[in-house]
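Here's the structure, in structure tokens; my notes come after.
The values are calculated or read from the model by the stated rules, or taken from the named source; none is laboratory data. Note that the structure is predicted; figures quoted are calculated from it, not measured. When we count neighbours, we look across all protein chains shown, and the Cβ atoms used for this are built from the backbone with ideal geometry, even at glycine. Areas reflect the complete protein model, heavy atoms only, side chains present, ligands, DNA and RNA absent. Shrake-Rupley method; radii C 1.70, N 1.55, O 1.52, S 1.80 Å.
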Amino acid sequence: MRSKLLPLLGALGALVWTHAARAEGVALTYDDLPGFALTDSVAYEQLTTDRLLRGIKRHHFQATGFVIGDRLDGDNPAAHRAMVVQWRDAGLVLGNHTNSHESLNKTPVADYIADVAQADAVLRPILAARGQTPVWFRHPYLETGTTAEARKTFEDWLAAHAYKVAPVTMENSDWMFALVYDNAILHHDRAKAARVKRIYLSYTEKCVAWYRSAGLQLLGRRPDYVFLLHATRLNADTVGDLARILKRNHLRLEPLARAMADPAYQIADTRGDPDGDEWLSRWSVTLHKDLPWDSFPDPPADISAENDRLDTP
Ligand SMILES: [Zn+2]
């Protein structure tokens with residue numbers, strides 16, 4: 001009996017192993033370097049950078065950071081440049097996120113290209129000092145242009161300069177929680193900060209689960225994901241929690257280039273409307289399949305309202 005069971009158990013083991021080996025990968029990307037915060041305080045941004053990078057290193061996130069060029073040329077340029085250099089020296093990949101964080105949907109394409117070229121002139125020497133070149137570009141607001149012509153003109157420019165677009169296939173609206181958390185920290189309101197963190201993590205867990213099931217429903221298999229986050233204090237203070245959420249959801253951390261090697265990223269983006277949607281939505285248009293939007297988790301209304309108040313100049 002035992003001798004007959006053993007090969008069967010071995011086969012089952014192989015099956016389980018194959019399944020585990022096929023767990024989705026996830027590449028973490030952090031936008032708006034050197035940092036996104038409610039305050040201009042360099043000390044605040046520096047602490048955020050130090051904590052975020054410490055957490056990223058501790059949890060072996062092979063993250064990519066997207067730099068806003070003019071942050072290295074405005075207030076406190078030396079300090080901001082040093083923060084970007086810190087990311088580079090932590091062994092992380094750096095990409096271009098335009099110079100002035102404009103939207104391609106609202107900017108003439110020639111101006112947009114000039115702005116991205118300006119950011120390239122800032123980023124390229126920082127990377128060249130370590131023998132690297134910029135590869136990835138992330139559109140601010142994920143807005144990729146309202147006309148096919150604008151889009152093609154810009155994407156041709158990117159290709160001619162050896163850039164590739166970094167899409168987004170997982171997100172948790174982290175920006176919506178970030179300023180609310182900063183406000184609590186800046187007012188030394190620990191109870192509030194702890195509450196925002198708790199709500200944020202619970203929302204993140206729901207979003208991760210939704211994107212996993214939406215990806216499977218759309219593609220009939222589990223794709224590798226590219227997760228959009230921002231370089232914020234909230235994310236710096238929750239790196240370990242995020243690592244646990246990803247682990248619970250069987251997501252394996254990997255570099256952006258590895259995630260992008262998933263054939264899903266070859267699916268054309270034929271969507272015509274100008275909203276800054278993530279790429280599962282775009283692929284759903286190309287593939288003529290619906291996503292399970294009915295089950296998409298609603299962002300907490302109080303956080304959203306407080307963010308609106310804080311975000312109004
Ligand atoms: Zn951004």
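Straight-line reach from K106: which lysines have a Cα under 24 Å away, not including same-chain ones fewer than 8 places off?
K152, K164
With a/c under 1.5 counting as rounded, go ahead and sort the range 25-311 into rounded, prolate or oblate using the C-alpha gyration tensor (a ≥ b ≥ c being the square roots of the eigenvalues; past the cut-off, prolate if a/b is larger than b/c, else oblate).
Rounded, because the longest to shortest axis ratio a/c is under 1.5.
Once amide H atoms are built 1.01 Å from N in the peptide plane, which residues 5 or more positions from W136, or in another chain, come under 5 Å H to H?
Sorted by chain and number, the residues that satisfy this are N96, K164.
Using only helices, what value at 222 nm comes out for the chain when you add -39,500 (n - 2.57) per DSSP H run of length 4 or more and divide by the total residues, to the nearest 500 deg cm²/dmol?
-17000 deg cm²/dmol
Per residue, how many Å² of accessible area does the chain show with a 1.4 Å probe?
Details: 14970 Å² over 313 residues.
It amounts to 48 Å² per residue over the chain.
Between K164 and A23, how high is the FRET efficiency from 1/(1 + (r/R0)^6) when r is the Cβ-Cβ distance and R₀ = 22 Å? Nearest 0.05.
Working: r = 25 Å, r/R0 = 1.12.
FRET efficiency, K164 to A23: 0.35.
Under 14 Å Cα to Cα from K247, which aspartates and glutamates show up? Leave out anything in the same chain fewer than 8 places away.
The reachable aspartates and glutamates, counting only those whose Cα sits under 14 Å from K247, are E24, E205.
Report in % the part of the accessible area of the chain that belongs to carbon and sulfur, leaving out ligands and nucleic acids; probe 1.4 Å.
Exposed carbon and sulfur together represent 56 percent of the surface.
Counting only C-alpha contacts under 8 Å and six or more residues apart, can you give the relative contact order of the chain as a whole percent? The partial results should precede the final answer.
Numbers: 465 pairs, mean separation 83.0, N = 313.
Over the chain, the number comes to 27 percent.
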